Amino acid sequence: VVGEIARAAELGIHVPDGVSPDFGAVMERMRRLRARISSHDSARRFRDELGVDVFLGEARFVAPDAAEVAGARLRFRKAVIATGGRAAAPPVEGLAEAGYLDNETVFGLTERPGHLAVIGGGPIGCELSQAFRRLGARVTLFEMGAQVLGREDPDAAGALLASLRRDGVDVRLETEVKRVTRGDGGRQLHVARDGREEMVACDEILVGVGRRPNVEDLGLEVAGVEVNRHGVVVDERLRTSNRRIYAAGDVCMRTKFTHAADAAARIVIQNALFFGRRKLGALQIPSCTYTDPEVPHVGLSEREAERRGVAIDSFVRQFREVDRAIADGEEEGFVKVHVKRGSDRILGATIVASHAGEMIGEVAVAMAAGVGLKRLAGVVHPYPTQAEAIRQLGDAYNRTRLTPLAKRAFAAWFALTR
């Protein structure tokens with residue numbers, strides 16, 4: 001809403017001076033909504049509505065076919081490890097002593113920090129940097145890499161960087177936080193870039209450098225479950241080195257998203273209980289960074305295709321060429337779809353738009369169903385919508401099929417039938 005108000009004048013809406021967000025009210029509403037949806041994953045729902053026996057307490061394996069929790073020994077035919085992950089912290093001298101927020105504890109704030117320093121320019125760092133800046137905090141974002149969203153399409157990352165800086169986020173790329181000190185009621189980050197060091201003072205530090213799996217004190221060695229630095233080791237069917245035990249979610253997967261964990265849980269149920277042979281790698285799992293604009297992605301990126309030696313053709317539609325985006329005043333951004341060279345088989349896509357997360361599903365469905373870009377040209381979209389850009393990319397692909405030979409054949413046909 002703050003972002004909409006900031007550009008209201010562009011749409012002919014003049015907002016009185018002095019409009020400002022109530023940080024405490026915003027955070028209180030967020031916590032109220034979080035409490036409301038928390039019932040979906042509550043122990044009470046699993047026990048009373050779904051008929052699951054729930055044991056609360058710290059659980060650990062005590063044998064290859066048994067676990068213990070709250071004094072109860074539970075033997076099992078099959079088990080699944082779904083202990084999730086937690087925010088990771090970089091090995092920065094003095095960071096732990098100075099104290100910092102992560103993607104869980106930050107939502108407990110009731111007062112807006114005057115200056116928030118954010119370490120890490122991934123999805124969490126970008127989302128919260130933009131949110132806190134729009135809510136009135138001064139924000140400085142430190143990223144060691146050459147772009148924000150280091151795993152995303154460089155064009156998408158560039159569009160988001162421009163948006164963050166337009167909002168007033170001080171984004172410092174290729175900058176390393178060397179150490180943190182505390183004093184005079186605040187914190188000081190000692191950072192380095194291009195061999196030069198400086199000190200940046202702030203009120204709070206937010207760490208957003210990824211997640212680490214929860215594998216400690218589970219008795220995994222007793223159960224014969226292999227672990228590495230990424231978490232529990234699983235095969236494509238999500239089985240661990242103990243064939244009785246499966247794993248799902250952040251504890252074992254490189255893709256650490258709620259919807260990815262849900263998809264993995266469904267695979268575990270089918271494979272463990274119903275002799276299924278489903279593979280995680282067969283799924284097309286989209287991701288989305290919920291900034292403004294949103295940056296969702298599914299399948300291969302250009303860099304990943306190059307790394308794998310997969311030849312691709314890329315089709316791009318800029319939203320400044322899409323009628324609905326023009327009408328909405330949301331012309332920045334694009335849809336980019338990659339197809340296997342010589343075919344219309346979709347291998348990946350990235351979208352940059354205000355509500356792009358709602359659009360990526362259409363491409364994901366097409367990929368899962370084996371629907372090529374050529375057929376998407378025939379999908380009728382309501383006019384005007386921003387999602388029409390996807391159909392327009394289908395048209396763009398079909399135009400590449402109009403070879404010189406085909407043009408001559410058409411010319412001859414029309415000359416003959418005129």
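The values are calculated or read from the model by the stated rules, or taken from the named source; none is laboratory data. Since the structure is predicted, the reported quantities are computational estimates derived from the model, not experimental observations. Heads up, the Cβs are rebuilt from the backbone with ideal geometry, glycines too, and the neighbour counts pull from every protein chain shown. To get the accessible areas, we keep the full protein, side chains included, count just its heavy atoms, and leave off ligands, DNA and RNA. Shrake-Rupley method; radii C 1.70, N 1.55, O 1.52, S 1.80 Å.
Answer yes or no as to whether residue 309 is in contact (Cβ under 8 Å) with a residue 12 or more places away in the chain and not hydroxyl-bearing (Ser, Thr, Tyr). Criteria not met by residue 309. For region 21-41, does any single residue satisfy the condition of being within 30 Å of residue 223 (Cα to Cα) and either open to solvent by 100 Å² or more (accessible area, probe 1.4 Å) or among the aliphatic types (A, V, I, L, M) (or both)? Checked region 21-41: at least one residue is within 30 Å of residue 223 (Cα to Cα) and either open to solvent by 100 Å² or more (accessible area, probe 1.4 Å) or among the aliphatic types (A, V, I, L, M) (or both).
What tally of residues in region 337-372 results from selecting those that are more than 17 Å from residue 296 (Cα to Cα), in contact with a Ser or Thr (Cβ under 9 Å, 6 or more places away or on another chain) and in contact (Cβ under 8 Å) with a residue 40 or more places away in the chain?
1
Kindly indicate whether any position in region 375-384 is β-branched (Val, Ile, Thr), open to solvent by 30 Å² or more (accessible area, probe 1.4 Å) and out of contact with any helix residue (DSSP H, G or I) (no Cβ under 7 Å at 6 or more places or on another chain). Yes.
Scanning region 254-278 for residues that are of a type in the set (Phe, Trp, Tyr) and either within 20 Å of residue 76 (Cα to Cα) or open to solvent by less than 50 Å² (accessible area, probe 1.4 Å) (or both) yields 274, 275. The residues in region 350-374 that are assigned to a loop (DSSP other than H, G, I, E, B) and open to solvent by less than 10 Å² (accessible area, probe 1.4 Å) can be counted, and the count is 1.
Scanning for something without any contact (Cβ under 8 Å) to a residue 40 or more places away in the chain and over 30 Å from residue 131 (Cβ atoms), does region 325-336 turn up at least one residue? Scanning region 325-336, I find no residue that is without any contact (Cβ under 8 Å) to a residue 40 or more places away in the chain and over 30 Å from residue 131 (Cβ atoms), so the answer is no.
Within region 302-332, the set of residues being within 22 Å of residue 400 (Cβ to Cβ), within 25 Å of the chain's Cα centre (by Cα) and in a loop (DSSP other than H, G, I, E, B) comprises just one member, 310. Residue check: is residue 73 closer than 25 Å to residue 245 by Cα, in a strand (DSSP E or B), of a type in the set (Lys, Arg) and more than 31 Å from the chain's Cα centre (by Cα)? Taking the combined requirement at face value, the residue satisfies it.
Looking at 207, 225, 251, 234, just one residue is over 22 Å from residue 62 (Cβ atoms), buried (at least 22 other Cβ atoms within 10 Å of the Cβ), modelled with pLDDT of 95 or more and of a type outside the set (Ser, Thr, Tyr), and that residue is 207. Among the residues in region 237-260, are any within 18 Å of the chain's Cα centre (by Cα), over 30 Å from residue 68 (Cβ atoms) and part of a helix (DSSP H, G or I)? Checked region 237-260: at least one residue is within 18 Å of the chain's Cα centre (by Cα), over 30 Å from residue 68 (Cβ atoms) and part of a helix (DSSP H, G or I). Counting the residues of region 360-391 that are of a type in the set (A, V, I, L, M) and over 27 Å from the mean Cα position of the chain (by Cα) gives 3.
Once region 171-188 is narrowed to residues that are touching a residue at least 24 places away in the same chain (Cβ under 8 Å) and either farther than 19 Å from residue 205 by Cα or touching a helix residue (DSSP H, G or I) at 6+ places or on another chain (Cβ under 9 Å) (or both), the residue that is most open to solvent (accessible area, probe 1.4 Å) is 182. Taking the conditions exactly as written (open to solvent by less than 40 Å² (accessible area, probe 1.4 Å), free of Cβ contacts under 8 Å to residues at least 60 places away in the same chain and not in a helix (DSSP H, G or I)), does residue 148 satisfy them or not? In short, yes.
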